[in-house]
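Structure first, commentary second.
The values are calculated or read from the model by the stated rules, or taken from the named source; none is laboratory data. This one's a predicted model, so the numbers in the text were calculated from it and none came from an experiment. Positions of Cβ are backbone-derived with ideal geometry, glycine not excepted, and every protein chain shown enters the neighbour counts. All accessible areas refer to the heavy atoms of the entire protein, side chains included, with ligands and DNA or RNA removed. Shrake-Rupley method; radii C 1.70, N 1.55, O 1.52, S 1.80 Å.
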Amino acid sequence: MSDIGVLAKLRDSDMWWSFRRSPLVIVASAVTVLYFIGAIFAPWIAPYDPFDVKSLNLMDAFTPPAWSEGGSAKHLLGTDNQGRDVLSAILYGSRVSLMIGLAAILLSVTTGVLLGLLAGFRGGWVEGVIMRLADIQLTVPAILIALTLDGVTRVVLPKNAHDSVAVWVLVFSIGFAYWPQFARVTRATTLAEKNKDYVNAARIIGVPGARIALQHVLPNAWGPVLVIATIELALAIIAEASLSYLGVGMPATQPSLGTLIRIGNAFLFSGEWWIVIFPVVALVILSLSVNLLGDWLRDALNPKLR
């Protein structure tokens with residue numbers, strides 16, 4: 001099918017019709033795209049590099065936003081206690097938060113979908129073990145699982161090595177916490193599809209079970225998985241921010257939005273409100289926009305609501 005045909009099919013689809021009739025979703029999509037653009041091109045968009053210690057000037061510390069008394073046009077949203085430009089720090093912090101959130105959800109999707117396919121296709125004790133593990137994990141808050149895994153890595157790794165692998169510790173901790181939702185949805189789809197005629201026909205002609213599961217059954221689960229992944233992305237970003245705020249996430253030298261909020265919280269009641277308020281607003285807007293997209297996808301992909 002040509003690109004023109006694909007575009008025409010998309011333009012005539014129910015999803016595009018639903019998208020055009022939802023101004024809130026359009027705004028949420030635009031905001032999300034802007035965040036991704038800002039995160040990807042932060043080194044070129046940000047006025048300053050907050051990671052470059054040589055460029056910091058302590059004389060610029062605690063500069064208020066440009067529109068406030070004592071503010072400077074050089075720092076639109078002000079500076080923090082180290083003289084870092086808050087706008088630049090938010091752009092770089094959003095980059096870290098989005099990267100961790102996307103990597104964690106990718107890990108969750110991969111793990112959950114494969115285990116869900118295995119449980120639904122094999123059945124028996126394999127299904128029982130996987131689903132009981134998922135049920136047990138769902139009773140434990142994701143943030144507690146992430147805290148536990150982070151604590152274990154701090155004990156196992158050398159004292160000075162944790163900061164260098166903090167990103168991967170967060171990705172693994174958050175990704176491991178969210179796989180059960182994907183496993184349950186994929187298993188339910190697999191159970192509904194594995195006894196249908198096209199699957200039985202594939203078995204009869206000798207197609208291997210793994211190939212049937214991945215090429216024929218799995219595509220039917222992508223709709224629900226995509227919806228959950230979008231919603232879980234917002235939760236993963238919040239989880240990363242929560243861990244960083246608690247001091248067990250990203251170090252101060254590689255600030256995420258959560259780290260910026262933790263740093264700024266110490267100055268909230270001393271009058272330097274902008275150090276914490278702007279990162280908080282950035283986190284809320286990002287999470288809300290992604291969540292709205294997830295809610296819209298859930299409704300748009302639900303045939304009962306068409």
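For the range 22-146, the percent of C-alpha pairs falling in each 5 Å distance bin, counted from 0 to the bin holding the largest distance, reads 2, 10, 11, 13, 12, 11, 10, 9, 8, 5, 4, 3, 1, 0.
Classify the range 69-122: rounded, prolate or oblate, from the alpha-carbon gyration tensor (a ≥ b ≥ c, eigenvalue square roots; a/c under 1.5 rounded; otherwise prolate if a/b is larger than b/c)?
prolate
Normalised size of the range 174-248, defined as Cα radius of gyration per 2.2 N^0.38 Å with N residues, equals 1.50. Packing-based ranking of 43-49, 116-122 yields 116-122, 43-49, ordered from highest to lowest mean Cβ neighbour count within 10 Å.
Between the range 15-93 and the range 114-180, the C-alpha centres lie 32 angstrom from each other.
Candidate values [x] 22.8; [y] 21.7; [z] 20.4 were compared with Kirkwood radius over Cα pairs in Å computed on the shown model; the agreeing label is [y].
In a simple Cβ point-charge model (Lys, Arg +1; Asp, Glu -1; nothing else charged), the range 133-195 has a dipole of about 80 debye relative to its Cα centre.
Taking the Cα centre of the range 158-306 as origin and assigning +1 to Lys and Arg Cβ atoms and -1 to Asp and Glu Cβ atoms, the resulting dipole is close to 640 debye. Subtracting the Cα-Cα distance of R154 and L106 from their residue separation scaled by 0.36 nm leaves 14.9 nm.
One equal scatterer on each Cα of the range 175-306, no solvent, Debye formula: the resulting log10 I(q)/I(0) at q = 0.11, 0.13, 0.17, 0.18 Å⁻¹ is -0.58, -0.71, -0.93, -0.98. Per-residue accessible area (protein heavy atoms, 1.4 Å probe) orders Y245, Y178 as Y245, Y178, starting from the largest. Our summary gives the range 98-227 a relative contact order of 38 percent, counting only alpha carbon pairs under 8 angstrom and 6 or more residues apart. Ranked from largest to smallest solvent-accessible area, with a 1.4 Å probe on the protein heavy atoms, R21, R154 come out as R21, R154.
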